[in-house]
Amino acid sequence: MKRLVSGIKPTGELTLGNYIGALKQFVALQNELPDTEFFIFIADLHAITTPQEKLALRKNIRSVAALYLACGLNPDRVHLFVQSEVLEHATLGYIMESTAYVGEMERMTQFKDRRQKQTEGLRTSLFTYPALMAADILLYDADIVPIGDDQKQHLELTRTLAERFNHQYGDTFVVPKGYFPKTGARIKSLTDPTQKMDKSNDNPKSYILLLDDINAAKNKIKSAVTDSDTKIKYDPIEKKGITNLIDIYAALSGLSVTDIEEKYQNCTYQTFKNDLALLVEKTLIPIQEKYQEIIKSSYLDEVLDKGREAASQVARRKIFQVYKKMGLGRIK
Ligand code: ATP
Ligand code: LTN
């Protein structure tokens with residue numbers, strides 16, 4: 001049976017961008033790939049590569065897990081767990097650091113970008129983070145790793161590290177492949193469509209949170225930045241604002257871009273935005289209702305306990321193999 005692994009950081013609340021780019025994709029994949037075993041985790045060890053307030057982190061871990069379930073992830077199909085609860089992630093992360101070269105880490109563009117913005121107080125784990133990400137994937141012999149474009153370089157490094165280990169110590173890891181979602185639109189900020197929709201943005205009008213008050217969310221769509229032209233036309237160069245709204249519309253409705261352009265060819269931006277606001281409402285209401293049920297119930301802990309047990313079993317076996325191949329401990 002093939003395996004799929006993916007993680008999401010519990011930093012802040014999830015946005016409509018995360019929903020369209022990640023959560024919705026996982027839910028679709030669990031049905032599209034019936035012969036694949038899914039391991040999906042809340043990447044709390046990755047979250048602490050930047051400072052996190054204790055209570056907020058604790059809350060976000062639960063909230064992200066509950067949102068996964070509220071969005072339709074099926075715990076009978078997917079092992080959903082918290083990364084730090086499966087101790088082997090950190091262990092293999094360290095072992096991967098011990099096989100990766102400093103030069104390889106220094107070439108990671110995500111780190112280089114961060115370093116340009118911030119020179120003081122950068123945590124070492126932010127530098128070594130791709131080694132932990134490699135461990136997350138290799139622990140489960142994952143064949144498929146659904147990721148956004150920004151993670152391509154980290155996946156390439158994971159493949160390099162897997163091949164190097166297999167070469168030096170004998171066949172141990174499956175070399176994984178990336179899986180790039182078909183509807184791979186990066187959802188953009190509603191106030192500046194040249195930037196991605198990001199929960200770390202200072203302006204709350206730039207993003208829609210899955211747990212936003214419904215009227216506030218609708219108003220954010222209605223006041224989203226668009227150009228001065230009036231035609232509802234997909235043009236990622238000249239009409240970034242309306243293009244972003246069409247992308248959101250397409251992802252939430254399942255309609256194609258051409259269908260949407262045709263449907264709204266004689267309409268104003270206002271009509272289009274009103275309809276999109278209704279679509280957002282229709283998407284968020286059932287998610288929020290389910291979320292409220294789940295977050296209060298013991299069901300969430302049951303799912304995460306079960307996920308941890310299943311993941312731990314696989315991870316423990318893999319760590320034993322690795323120890324044995326490298327001569328660690330006393331395993332013969
Ligand atoms: P941060 O800004 O804290 O790094 P992030 O949202 O970029 O947060 P993650 O929380 O790790 O990073 O992202 C989880 C998943 O959501 C990834 O698969 C990422 O590709 C996807 N994602 C994040 N933002 C968007 C967006 N605006 N459009 C589409 N997909 C997105
Ligand atoms: N680095 C990813 C999150 C992540 C991940 C993983 C994704 C951590 N470990 C393993 C896929 C597989 C991010 O920042 N989006």
Inside the stretch 23-36, can you point out the residues that are of a type in the set (D, E, K, R) and under 18 Å from the mean Cα position of the chain (by Cα)?
LYS24
Report yes if ASP150 is among the acidic types (Asp, Glu), at pLDDT below 95 and within 13 Å of ligand 2 (Cβ to nearest atom), otherwise no.
yes
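Rundown of residues vs (1) modelled with pLDDT under 95; (2) surrounded by 22 or more Cβ atoms within 10 Å (Cβ to Cβ); (3) more than 13 Å from ligand 1 (Cβ to nearest atom); (4) not in a loop (DSSP other than H, G, I, E, B), yes/no style:
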residue: VAL5; (1), (2), (3), (4): no, yes, no, yes
residue: GLU13; (1), (2), (3), (4): yes, no, no, no
residue: ASN18; (1), (2), (3), (4): yes, yes, no, yes
residue: LYS24; (1), (2), (3), (4): yes, no, no, yes
residue: PHE41; (1), (2), (3), (4): no, yes, no, yes
residue: LEU57; (1), (2), (3), (4): no, no, no, yes
residue: ARG62; (1), (2), (3), (4): no, no, yes, yes
Answer with yes or no whether LYS199 is free of Cβ contacts under 8 Å to residues at least 24 places away in the same chain, surrounded by 15 or more Cβ atoms within 10 Å (Cβ to Cβ), closer than 23 Å to GLN288 by Cβ and within 16 Å of ligand 1 (Cβ to nearest atom).
no
Identify all residues within the stretch 137-187 that are among the charged types (D, E, K, R) and either within 12 Å of ligand 1 (Cβ to nearest atom) or free of Cβ contacts under 8 Å to residues at least 24 places away in the same chain (or both); write none if there are none.
ASP149, ASP150, LYS152, GLU156, ARG159, GLU163, ASP171, LYS182, ARG186
Being in a helix (DSSP H, G or I), touching a residue at least 40 places away in the same chain (Cβ under 8 Å) and within 11 Å of PRO193 (Cα to Cα) is the filter here, so list the residues in the stretch 204-260 that pass it.
LYS240, GLY241, THR243, ASN244
Look through the stretch 94-136, keep the residues that are without any contact (Cβ under 8 Å) to a residue 60 or more places away in the chain and of a type in the set (Phe, Trp, Tyr), and return whichever of them is surrounded by the fewest Cβ atoms within 10 Å (Cβ to Cβ).
TYR101
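The values are calculated or read from the model by the stated rules, or taken from the named source; none is laboratory data. As the structure is a prediction and not an experimental result, all values here were calculated from the model. Cβ coordinates were reconstructed from backbone atoms using ideal geometry, including for glycine residues, and neighbour counts include every protein chain displayed.
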